[in-house]
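Report on one structure; see the data block that follows.
Every read-out reported here was derived from the displayed coordinates using simple, explicitly stated rules and does not represent laboratory data. Since the structure is predicted, the reported quantities are computational estimates derived from the model, not experimental observations. Using ideal geometry, Cβ is built from the backbone for each residue, glycine included, and neighbour counts are taken over all protein chains shown.
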Amino acid sequence: MNAYAPILGLIAIAAVFAIGSIVFSSVAGPKRFNRVRLDSYECGIEPTPQPVGGGRFPVKYYLTAMTFIIFDIEIIFLYPWAVRFDHLGVWGFFTMLTFIFLITVPFVYEWRRGGLDWD
């Protein structure tokens, strides 16, 4: 149990800080709200009217975001593998080769479908 004491202490400190920040901001924060303060701020110009239904974003935004996340996950897994490459042996090499293949197939599919072309 002594090995987990620093981790539990850090979790307790983080919880106290988070709860304390919320309580302190509600106690010390201003209580006067008006229409101008609740309105959205757009660099000093008048806010643009919102379309009915909230508007629609093209799907390409989401595809780009998901592609970015996939590459981040790939880097997160590739870095430790590269650091411990000499200790993993042949099994580690083929496991990572399979992982890279499974990441590359959807990327090529999205590329061939034109998901990365901005019109």
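With each label modelled as a point 7 angstrom along the Cα→C-beta vector, the residue 35-residue 10 pair spans 5.0 nm. Ranking of 96, 1 by neighbouring Cβ atoms within 10 Å, starting from the fewest: 1, 96.
Ordered by the count of other Cβ atoms within 10 Å of each Cβ, fewest first, 81, 91 give 91, 81. Of the chymotrypsin sites (Phe, Trp or Tyr not before Pro) found in region 1-38, the ones in coil according to DSSP and having at most 16 other Cβ atoms within 10 Å of their Cβ are 33. Under the simplified labelling scheme, the residue 78-residue 103 pair shows an inter-label distance of 0.5 nm, with each label point 7 Å from Cα along Cα→Cβ.
Rounded to the nearest 0.05, the FRET efficiency derived from the C-beta distance between residue 60 and residue 93 at R0 = 41 Å is 0.70.
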